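Below you'll find the structure, written out as structure tokens, and then a few comments.
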Amino acid sequence: MDYVEAHIALPEGAGPLADYARYYTLDAGGRVMAVYSATRPGNAPADLPIGDRRWVADKRQFPPPILDGGCTIIRVDFDPVTEKLAAYCNGVA
């Protein structure tokens, strides 16, 4: 989480990092996935305030895919092997 947050370039239209609750987990391939949310999505833990972050070990508590929301929802992918880091805003329905 520290590495990602120190190196991330948020997409155009996004607010500052402190405007988002930030959820991190690992995918099956060992890549870090994150969802930054300006609102509390679906099944995400209710006790994570905007501006805070959490490592989510229980995948059932990781925010579900959200297909719209613009830059109120940011998806982050990080490959720790290649150090490739990408962040993008959701589309708008």
The answer for the chain, accessible area per residue at 1.4 Å probe in Å², is 56 Å²
Gaussian network model of the chain, springs between alpha carbon atoms under 10 Å - residue of Arg22, Arg31, Arg53 with greatest fluctuation: Arg31
Would you check the accessible area of Leu26, probe 1.4 Å, heavy atoms only, in square angstrom rounded to 10? 70 Å²
Between rounded, prolate and oblate, where does the chain land on the alpha carbon gyration tensor, with a ≥ b ≥ c its root eigenvalues, rounded for a/c under 1.5, else prolate if a/b exceeds b/c? rounded
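The values are calculated or read from the model by the stated rules, or taken from the named source; none is laboratory data. Computed from a predicted model, the values in this text were never measured in an experiment. Quick note on the areas: whole protein, heavy atoms, side chains included, nothing else; ligands and nucleic acids left out. Shrake-Rupley method; radii C 1.70, N 1.55, O 1.52, S 1.80 Å.
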